[in-house]
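Notes follow the structure.
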Amino acid sequence: MSQAYVVRYVGGPLDGRVDSLPSAPEDPKQTVTHVHLHGGPKIVHVYDLSYAVEYGCEYRLRAEED
């Protein structure tokens with residue numbers, strides 16, 4: 001049995017979320033956009049891909065630009 005490929009999210013509303021995939025994606029997305037639409041204005045968070053050798057990859061919340 002092979003170990004699952006793990007994708008973690010760091011920061012923002014997805015902080016702590018972990019997705020398990022059966023294998024490493026051939027071409028992982030460089031960014032993931034999370035849009036919050038519930039009960040108020042639209043809030044957009046952007047996560048950038050970074051690799052973690054121990055388990056797979058992680059998406060880190062992009063810092064707001066001033």
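Just a few scattered comments:
- Positive minus negative residues near Gly12 (Lys, Arg vs Asp, Glu; Cβ under 13 Å): 0
- Read-out Cα Rg over 2.2 N^0.38 Å, derived from the coordinates shown; its label in [x] 1.45; [y] 1.24; [z] 1.01: [y]
- When you restrict to C-alpha pairs under 8 Å that are six or more residues apart and normalise by the size of the chain, the relative contact order lands at 33 percent.
- Dipole magnitude of the chain about its Cα centre (Cβ charges: Lys, Arg +1; Asp, Glu -1), debye to nearest 20: 220 debye
- Annotation for the chain: GluC sites (Glu not before Pro) lying in DSSP loop with at most 14 further Cβ atoms inside 10 Å of their Cβ are Glu26, Glu54, Glu64, Glu65.
- Other residues with beta-carbon under 11 Å from the beta-carbon of Thr31 carry, at +1 per Lys or Arg and -1 per Asp or Glu, a net charge of +2.
- Among His34, Leu49, Leu61 - extreme Cα towards positive end, dipole of the range 26-66, charges at beta-carbon: His34
- Cβ-based net charge around Ala52, under 11 Å, with every Lys or Arg adding one and every Asp or Glu removing one: 0
- Largest-first ordering by accessible area, 1.4 Å probe, given options Val7, Val53, Val46: Val53, Val46, Val7
The values are calculated or read from the model by the stated rules, or taken from the named source; none is laboratory data. Predicted model only: the values in this text are computed from it and were never measured. Cβ sites come from the backbone with ideal geometry, for glycine too, and all protein chains shown count toward neighbours. Ligands, DNA and RNA are excluded from the accessible area calculation, which covers all protein heavy atoms including side chains. Shrake-Rupley method; radii C 1.70, N 1.55, O 1.52, S 1.80 Å.
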